[in-house]
Amino acid sequence: MTNDHDILDAIAEIIEEVLGVDSADVSAETSFADDLDVDSLAMMEIAVAVEDRFEVKIPDDRVKDLRTVGDAVNYVAGRR
């Protein structure tokens with residue numbers, strides 16, 4: 001069973017791969033736009049990687065609602 005902490009760690013690893021930001025610097029409160037300066041293209045790349053990693057689908061119109069890493073964790077946790 002994957003818990004929220006495991007999901008957070010995995011998403012932090014994805015962010016590190018896509019953006020080059022140290023995963024240790026990523027928390028649930030980290031804002032994609034404000035803290036990570038993620039543009040829409042990078043956000044889609046992160047979303048696709050999350051979909052692949054967790055075998056969930058994030059509709060394009062829902063990606064914009066993922067404002068923080070915690071939002072992404074909650075989305076994945078709610079679909080497992």
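Worth a mention:
- Most positive-pole-ward Cα, N3, L36, L19, against dipole of the chain from beta carbon charges: N3
- Viscosity 1.306 mPa s, temperature 10 °C, Stokes-Einstein D of the chain from Kirkwood C-alpha radius, µm²/s: 130
- The stretch 1-63: GluC sites (Glu not before Pro) falling in loop per DSSP and having at most 16 other Cβ within 10 Å: E29, E55
- Magnitude of the charge dipole, the chain, Cβ model with Lys/Arg +1 and Asp/Glu -1, debye to 20: 440
All of the numbers you see were taken from the coordinates with simple rules; none came from a lab. Treat the numbers as computed from the prediction; the structure is a model and nothing was measured. Quick reminder, even Gly has a Cβ in these numbers, built from the backbone with ideal geometry, and neighbours come from all protein chains shown.
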